[in-house]
Amino acid sequence: MNEDDQRLVTVLTTGDAGQIALASSILEEAEIPYFEKGGISRRLGLYLINASARFVEFQVKPADIASATQLLAEGGLKPE
C-alpha cells in the first residue's frame, strides 16, 4: 500500500450537532470508514472531547471520496 492510500481527505466540515449526527449515520450505514477530526469522538463507546475544536472534519480514504460526497449530498449536507 502506498502513502496516498493511507492519507485521509476531508469531505465535510461542520459545527452543527445535527449535521454531525446525520453525516456519521450516513457514512456508517454505507459502511464507509471515516475519521472525525476535532469535536467529540464517539469511537469504541468512549466520548472524548476536544474543547478547542469548534468544527468537525469528516475524513475518508481517497478511494471513498466520490461515494461519500454523493451520499452526504443526497442526505442534504454540503460536502466539500
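See the values below:
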{"item": "Cut-off under 5 Å, modelled amide H: who pairs with VAL56 long-range", "result": "THR14, GLY15"}
{"item": "Sequence ranges 25-35, 54-64, ranked by mean other-Cβ count within 10 angstrom, highest first", "result": "54-64, 25-35"}
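All of the numbers you see were taken from the coordinates with simple rules; none came from a lab. Owing to the predicted nature of the structure, the values given are computational and were not obtained by experimental measurement. Backbone-built Cβ (ideal geometry, glycine too); neighbour counts: all protein chains shown.
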